Amino acid sequence: MLSLALLLPLSAAPGEVAMKKSLTLEGAKKAVEAVHAEARKNGTGSAVAVVDEGGNLLCLERLDGTFAAGSTVSIGKARTAALFRKETKFFEDVIKNGRTAMVTLPDSLFTPLQGGVPIRVGGEIVGAIGVSGASSAQQDEDYAVIGARAVEGAVAAAPAGVTYLESRAVAAAFAKGEPLLEVPAYKIHASRRDAPGVPEVHERETDILYVLDGTATLVTGGTVVEGRTISPGEIRGASIQNGDSRRIAKGDVVVVPAGMPHWFKEVGGPLTYYVVKVL
């Protein structure tokens, strides 16, 4: 199976109660190949480093013409993303916003530059990828996301059994408004709202909503006012300017693309709806 080639399952020994998965060299190479393919298509440089969940280097490659220091920088980004379990853009933003004391952390552990992304499989961080040498910091991160998803998508595409969720479990999830299933390629949430929400943006997830019951005013598009990053790829704000308002009700389906501001501005009674989050 493809997933076994990309991930090494480390079984618990007798008497132990923990198990984990670790990224293999083949999985690391798959991430590097995906980044370099994108870089060649765009005519940019790229130095790519992939580490395991402990920050240990698995694979490092630099395209011809990429500046030499890119290799060292990409290792630092990947190691930071793995050890701190966050995209490195988060730390760059934190420092920009005034927490400069973080720069005192040792260089061997901490490279707060955009372009490092954890590699997650089944909600578990199995490694991380760092990219340097593209045409911009944002493109470094975009390439890193492509590399991470190459691994995550390959594992998700591996043969798997049918997932069956009993009606009682589904009903219990809707009563609380909580996730039903989360895997590398998608998430299914049983969502419930009894009051308006806050404006939000999912930078890397497309939301597909199917309304089961209730009504709401959904605002999409426009600009988030007083937006702030609460976690990597997740933005929240106070309101939305110049958005489009729609009344949604039972039976409606709404697709909110990744990066699109959206806001449940008004909710008429309990609103229950499925959300499929495509990564």
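The values are calculated or read from the model by the stated rules, or taken from the named source; none is laboratory data. The model shown is predicted, which means the values in this text are computed figures rather than measured ones. Methodologically, a virtual Cβ is constructed for each residue, glycine included, from the backbone with ideal geometry; neighbour enumeration extends over all protein chains shown.
If you check GLY233 against the conditions, is it among the small types (Gly, Ala, Ser) and in contact with a Lys or Arg (Cβ under 6 Å, 6 or more places away or on another chain)? Yes, satisfied.
Being touching a Pro at 6+ places or on another chain (Cβ under 7 Å) and part of a strand (DSSP E or B) is the filter; apply it to segment 111-133 and report the residue that is surrounded by the most Cβ atoms within 10 Å (Cβ to Cβ). Here the residue is ALA128.
Please work out which residue is nearest to GLY76 (Cα to Cα), limiting yourself to segment 21-62 and to residues that are among the basic types (Lys, Arg), in contact (Cβ under 8 Å) with a residue 12 or more places away in the chain and part of a helix (DSSP H, G or I).
The first filter runs over segment 21-62 and keeps only residues among the basic types (Lys, Arg), leaving 21, 29-30, 40-41, 62.
So of that shortlist, the ones also in contact (Cβ under 8 Å) with a residue 12 or more places away in the chain come out as 21, 29-30, 40, 62.
So of that shortlist, the ones also part of a helix (DSSP H, G or I) come out as 29-30, 40.
On the way: LYS29: 18, LYS30: 20, ARG40: 23 Å.
The extreme case among them is LYS29.
ILE129 fulfils the conditions (1) at pLDDT 95 or above; (2) more than 20 Å from the chain's Cα centre (by Cα) except for a single criterion, (2). Of the residues screened, THR80 is one that is in contact with a Phe, Trp or Tyr (Cβ under 9 Å, 6 or more places away or on another chain), free of Cβ contacts under 8 Å to residues at least 60 places away in the same chain and hydroxyl-bearing (Ser, Thr, Tyr). Taking residues in segment 198-211 that are in the same structural domain as ILE188 (by TED's automatic domain parsing) and under 28 Å from ILE119 (Cβ atoms), and partners anywhere that are surrounded by fewer than 16 Cβ atoms within 10 Å (Cβ to Cβ) and among the β-branched types (Val, Ile, Thr), the pairs with Cβ atoms closer than 6 Å and at least 6 places apart or on different chains are THR206/VAL278; ILE208/VAL255. So which residues in segment 241-260 are surrounded by fewer than 16 Cβ atoms within 10 Å (Cβ to Cβ) and hydrophobic (A, V, I, L, M, F, W, C)? Passing the criteria: ALA249, VAL253, VAL255, ALA258.
Which one is modelled with the lowest pLDDT, of the residues in segment 230-240 that are surrounded by 15 or more Cβ atoms within 10 Å (Cβ to Cβ) and touching an Asp or Glu at 6+ places or on another chain (Cβ under 6 Å)? Steps first, please.
Step one: of segment 230-240, the residues surrounded by 15 or more Cβ atoms within 10 Å (Cβ to Cβ) are 232-233, 235-237, 239-240.
Checking which are touching an Asp or Glu at 6+ places or on another chain (Cβ under 6 Å) leaves us with 232-233, 236-237.
Numbers: PRO232: 70, GLY233: 79, ARG236: 94, GLY237: 95.
Ranking the qualifying residues of segment 230-240, first place goes to PRO232.
Applying the set (1) closer than 30 Å to GLU61 by Cα; (2) out of contact with any Pro (no Cβ under 8 Å at 6 or more places or on another chain); (3) surrounded by 16 or more Cβ atoms within 10 Å (Cβ to Cβ); (4) not polar (S, T, N, Q) to LEU180 leaves exactly one unmet item: (1). Looking at segment 241-256, is at least one residue within 19 Å of the chain's Cα centre (by Cα), hydrophobic (A, V, I, L, M, F, W, C) and either farther than 30 Å from GLU87 by Cβ or at pLDDT below 95 (or both)? Within segment 241-256, none of the residues are within 19 Å of the chain's Cα centre (by Cα), hydrophobic (A, V, I, L, M, F, W, C) and either farther than 30 Å from GLU87 by Cβ or at pLDDT below 95 (or both).
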